[in-house]
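Have a look at the structure below before the remarks.
The values are calculated or read from the model by the stated rules, or taken from the named source; none is laboratory data. None of these values were measured; they are calculated from a predicted model. Ideal geometry is used to build each Cβ from the backbone, glycine not excepted, and the neighbour counts take in all protein chains shown. When the accessible area is computed, the model is the full protein with side chains, heavy atoms only, and any ligands, DNA or RNA have been set aside. Shrake-Rupley method; radii C 1.70, N 1.55, O 1.52, S 1.80 Å.
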Amino acid sequence: MQSPEPSADHGVPLHALPPEAALERFGASAAGLSEAEAARRRSLHGANRLPGAPKQKPVLRFLKQFNNVLIYVLIGSAVVTAALQHWVDTGVILAVVLINAVIGFVQEGRAEDAMAAIRDMLAPQAMVLRDGQRQSLDVAALVPGDIVCVEPGARVPADLRLIEAHALRLQEAALTGESVPVEKGIAPVGAGSALGDRSPMLYSGTLVAAGTGRGVVVATGLSTQIGQISGMLSRVETVRTPLLNQMDRFARWLTAVILLVAVALLAYGALVRQLPFADLFMAIVGLSVAAIPEGLPAVLTITLAVGVRTMARRNAIVRQLPAIETLGSVSVICSDKTGTLTLNAMKVVNLVACDRVYDIGGDGYAPEGAIRREGIDIRAPEDPVLQDFALAAALCNDASLHQHGPTWHVEGDPMEGALMALAGKISEEGPAPYRRWGRTDAIPFDAAHRYMATLHHDHEGHAAIHVKGAPEAVLALCRTQGAPGAGDQPLDSAYWHEMIETLAAEGQRVLAVARREVPPDRTVLNTSDLEGELTLIGLVGLIDPPRPEAIAAVTECRIAGIRVKMITGDHAATARAIARQIGLQNVDRVLTGAELQVMEDAALSRAVIETDIFARTSPAHKLRLVTALQSHGLTVAMTGDGVNDAPALKRADAGIAMGQGGSEAAKEAAAVVLADDNFASIVAAVREGRTVYDNIKKVISWTLPTSTGEAMTVVVALFAGMSLPITPVQILWVNLITAGTLGLALAFEPTEPGTMRQPPRPRREPLLSGTLVWHIALVSMLFLAVVFGMYFLAIARGDSIAYAQTLAMNTMVILEIFHLFFIRNIHGTSLTLRAARGTPIIWACVLTVTLAQVAITYIPALRAIFGTEPLSLGDGMLAVAVGVVFLVALEVEKQMRLRWRRTRGGA
Ligand code: ATP
């Protein structure tokens, strides 16, 4: 997959060729390919992606389901029952084995599908020039000859030969193992240079650490250096989290204990009580199968997969699964302001020059709108001050505007889009007049120095530097200010600071713009050309309204006991005004990056608790803030977008990257990526995280008492020397039918109304808490009492043993259904109409179980297998009534326990 258009220099490596020759070799131009040509090349070269690791074959995945202790026990039991010629038992056991495997197979498939869907949503994007227009494209669509623009934090999407570079440094560890970023430039290097020394080349998979550049794509997909080395993406993600691993270990440990107890019971029954072996053996098998929570790990996996999918639907894409658990316990959300709490729909509303203020009209990004001064419309093209503003706004700018129908869109940074629209309003002809200036060099924006500078030349031999950036940063570079009609004057810092405060207090984001004329032979721009050499043109005030849904989400956080902290690069007064608008609580105190910088760790640790607004921060401060918050035992979610945010995102308990405005570096460091960059989606993810955790707790709280109750029935009967109230085959049946339906239904439970009214869960709260152990004991005891009670009731009435067993078994299933309705509401009560209404999934499961029970109770062929007798309607209703009493008893016990805990907590 090399050169599509061979040329005379073929054979010379690309890094040894000048940029023009590289472009020529690929039949490309600096303006990019046309769409038609790109399509032609795509059909020739295929998609720019590496093949994924091969998927496991379905047959193998199915067979894997048999590799499980429970299945071994069951198969062993089938062999023994067959040897004893108990063919019905053998058949039932084998059916259980098969159905178990099928359920496991389907569940695992669903979980994997959920993960695959997520992976597709994270397809990276690249900034490409096609038909002369910058556009963001799926990386897979790149073809050799495309021109790709890279900026800090971008992952290089294909192998590129640079044709333009500004202070570009690349982190090539993925390829060379070298972790220190290397300098890149366009000058050719020796043909024999090693990979790490080929400075004009950018290789796919490496990371832009700083600077900007453009390059022509020279290799895609498997032809890239990384493609040739690795061949395929070997990372196969599985649905695993610490909690699941913990539950897996618990289930394995429990299984071992149960099997030991089973063997001991077998020995006891056979040797001490001298019970008939065949019956005893089946009872022990029934007991083991009932007690072993075989479905639990699979159901928990499904619960997580369901959570991952729901979060994705709410625009939060989980990259690292443990994040689902952490999200549920988040107690502080540290959020960026621009684009997350605000709409990032920027509009210039004010311009401040040294003796005047302009009001700028217009809607959206349309480059048209009235400009007024002291309430009077201005003819902008005739106003020299406005012309200075417009030139700076248009030239010191990387964005472009496009019109689709009546609306204008920005390609690039929305703030720069707003500046482009401003320039268009001033010229009254859109950005066209500024195109006669060509950019010769630039210092890209960096959150550390907070300004951007460009050097431009026009055809008449003029050269000018333009700078825009945070006012403090730009003012520090200026010596003079432009005075309309009076040449340049010394800078009046007091005036400007007062104006900055005035605009910022209204919630405006304030930028300063400055200029400097330089001799035309100057072609390189250095920071030394700026320091103390600039003339301030004035201030630009932009508005960026808060997101309405963020306001609601902030309120939801307050009720849920989650603190929201705003960490912004913006000015303190702007940050405070926006914080007030979105309803942050503590707006009187703002800590700035400069103050934070000089604070000792101990002082910072105190300050982070009292402060909710952090302004003019740089990415390094974010890392200190996360650490300080964590020192209080808080679980911190932190948002970020830039390459330098990666350490803080990694350090946070839940690092959250912006999907639209975020760099690849930030996305890769984050556990969650927000598809819509919206604060409300973070809160939705936290809500879903809490729901998933609740559901995991519900699955466990339903499964363990149920299986314990079933198993205890057999144990008690054996010890007491009684006949079994439920036959072993019936226990196998009940276990199979309920675990596959009722147990699974809880994985799909929606968020409870009270979920976001609870304080955050402590970070290390054990899943198997004292309350759960008590619940297991209570429910097993009630199960035992009811099952034996119903059995003896029937016997006392003179019913047959088979009838009594059928009644006991059906009552047990009914109890399980009522137990399910009880477990569904851990934050509220189960005795409401809403709780009784359930969900379609719950009712589908209840219906399935009911039909299955009716079938084995009344259909003669099944009755023969399961040894059942048809129940009378009266007994059926009695069983349901017992279920209702059971539910009410559990609910009364829960409410009393909660009340006791509340009064104890209040004391
Ligand atoms: P947040 O951290 O909440 O997203 P932010 O976008 O304001 O806020 P930064 O991107 O660090 O944070 O920007 C800090 C300041 O730098 C801005 O307030 C603005 O004054 C200036 N600035 C931002 N982008 C540019 C740019 N492209 N060119 C010049 N100056 C910029």
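Taking the conditions (1) modelled with pLDDT under 90; (2) more than 11 Å from Leu287 (Cβ to Cβ) in turn, Ser707 satisfies each one other than (2). On inspection, Thr338 passes the criterion of being under 30 Å from Asp653 (Cβ atoms), touching an Asp or Glu at 6+ places or on another chain (Cβ under 9 Å), open to solvent by 20 Å² or more (accessible area, probe 1.4 Å) and in contact (Cβ under 8 Å) with a residue 24 or more places away in the chain. Taking the numbered list (1) aliphatic (A, V, I, L, M); (2) crowded, with 23+ Cβ neighbours inside 10 Å; (3) within 16 Å of the ligand (Cβ to nearest atom) in turn, Val608 passes all entries but (3).
Hey, among the residues in segment 438-452 that are more than 10 Å from the ligand (Cβ to nearest atom) and small (Gly, Ala, Ser), which one's most open to solvent (accessible area, probe 1.4 Å)? Applying the filter and picking the extreme gives Gly438. If we scan segment 829-836, do we find a residue that is closer than 30 Å to Ile700 by Cα, touching a helix residue (DSSP H, G or I) at 6+ places or on another chain (Cβ under 7 Å) and at pLDDT 95 or above? Looking through segment 829-836, none of the residues is closer than 30 Å to Ile700 by Cα, touching a helix residue (DSSP H, G or I) at 6+ places or on another chain (Cβ under 7 Å) and at pLDDT 95 or above. Tell me yes or no: at least one residue of segment 498-510 is touching a residue at least 40 places away in the same chain (Cβ under 8 Å), within 15 Å of the ligand (Cβ to nearest atom) and either within 22 Å of Met127 (Cβ to Cβ) or assigned to a strand (DSSP E or B) (or both). Among the residues of segment 498-510, at least one is touching a residue at least 40 places away in the same chain (Cβ under 8 Å), within 15 Å of the ligand (Cβ to nearest atom) and either within 22 Å of Met127 (Cβ to Cβ) or assigned to a strand (DSSP E or B) (or both), which makes the answer yes. Scoring Gln660 on the criteria (1) in a helix (DSSP H, G or I); (2) surrounded by fewer than 24 Cβ atoms within 10 Å (Cβ to Cβ); (3) within 16 Å of the ligand (Cβ to nearest atom) leaves a single failure, condition (1). The residue of segment 667-714 that is most open to solvent (accessible area, probe 1.4 Å), among those that are out of contact with any Gly (no Cβ under 9 Å at 6 or more places or on another chain) and closer than 30 Å to Ala126 by Cα, is Glu668. Per the conditions (1) without any contact (Cβ under 8 Å) to a residue 40 or more places away in the chain; (2) within 16 Å of the ligand (Cβ to nearest atom), the sole criterion not satisfied by Arg313 is (2).
If you check Ala370 against the conditions, is it of a type outside the set (Phe, Trp, Tyr), free of Cβ contacts under 8 Å to residues at least 60 places away in the same chain and in contact with an Asp or Glu (Cβ under 9 Å, 6 or more places away or on another chain)? Taking the combined requirement at face value, the residue satisfies it. Residues in segment 251-272 that are open to solvent by 40 Å² or more (accessible area, probe 1.4 Å) and within 30 Å of Ile324 (Cβ to Cβ): Arg252, Trp253, Ala256, Val257. Of everything in segment 399-419 that is free of Cβ contacts under 8 Å to residues at least 60 places away in the same chain and within 15 Å of the ligand (Cβ to nearest atom), the residue that is farthest from Ala470 (Cα to Cα) is Val410. Restricting the search to helices (runs of 4 or more DSSP H) fully inside segment 795-907 and requiring at least 2 residues that are in contact (Cβ under 8 Å) with a residue 60 or more places away in the chain gives 801-823, 840-858, 860-866, 873-906.
Only residues that are touching a helix residue (DSSP H, G or I) at 6+ places or on another chain (Cβ under 9 Å) and either within 16 Å of the ligand (Cβ to nearest atom) or within 17 Å of Cys396 (Cβ to Cβ) (or both) were counted in segment 453-476, giving 13. Scanning segment 133-157 for residues that are more than 19 Å from Phe26 (Cβ to Cβ) and surrounded by 22 or more Cβ atoms within 10 Å (Cβ to Cβ) yields Pro152, Gly153, Ala154. Tallying residues that are assigned to a loop (DSSP other than H, G, I, E, B) and within 16 Å of the ligand (Cβ to nearest atom) within segment 317-347 yields 10. Selection of segment 399-423 for residues being touching a Ser or Thr at 6+ places or on another chain (Cβ under 8 Å) and open to solvent by 30 Å² or more (accessible area, probe 1.4 Å) yields Val410, Glu411, Gly412. The residue that is farthest from the ligand (Cβ to nearest atom), among those in segment 546-602 that are open to solvent by 30 Å² or more (accessible area, probe 1.4 Å) and among the aliphatic types (A, V, I, L, M), is Ala602.
Here's a check for you: in segment 288-332, which residue that is open to solvent by 10 Å² or more (accessible area, probe 1.4 Å) and within 23 Å of Gly561 (Cβ to Cβ) is modelled with the lowest pLDDT? Applying the filter and picking the extreme gives Pro322. Of the residues in segment 477-497, how many are within 16 Å of the ligand (Cβ to nearest atom) and within 19 Å of Ala392 (Cα to Cα)? Residues meeting the conditions: 3. Identify, please: which residue in segment 780-839 is over 27 Å from Ala717 (Cβ atoms) and touching a Gly at 6+ places or on another chain (Cβ under 6 Å) and is, among those, least open to solvent (accessible area, probe 1.4 Å)? Going through the qualifying residues, I end up with Gly828. When the test is whether a residue is in contact with a Pro (Cβ under 7 Å, 6 or more places away or on another chain) and hydrophobic (A, V, I, L, M, F, W, C), Leu401 passes it.
Across segment 613-631, the number of residues qualifying as touching a strand residue (DSSP E or B) at 6+ places or on another chain (Cβ under 9 Å), more than 14 Å from the ligand (Cβ to nearest atom) and part of a loop (DSSP other than H, G, I, E, B) comes to 0. Summed over segment 846-881, the residues that are open to solvent by 50 Å² or more (accessible area, probe 1.4 Å) and charged (D, E, K, R) give a count of 2.
Sub-8 Å Cβ pairs linking a first residue in segment 56-74 that is under 13 Å from Asn100 (Cβ atoms) to a second residue that is part of a helix (DSSP H, G or I) and open to solvent by 100 Å² or more (accessible area, probe 1.4 Å), at least 6 apart or interchain, are Val69/Arg252, ordered by first then second residue. Taken together, Val139, Val182, Val128, Val208 contain a single residue that is touching an Asp or Glu at 6+ places or on another chain (Cβ under 9 Å), among the β-branched types (Val, Ile, Thr) and within 24 Å of His409 (Cβ to Cβ), which is Val128. Among residues that are farther than 19 Å from Asp458 by Cβ and touching a His at 6+ places or on another chain (Cβ under 8 Å), Arg509 is included.
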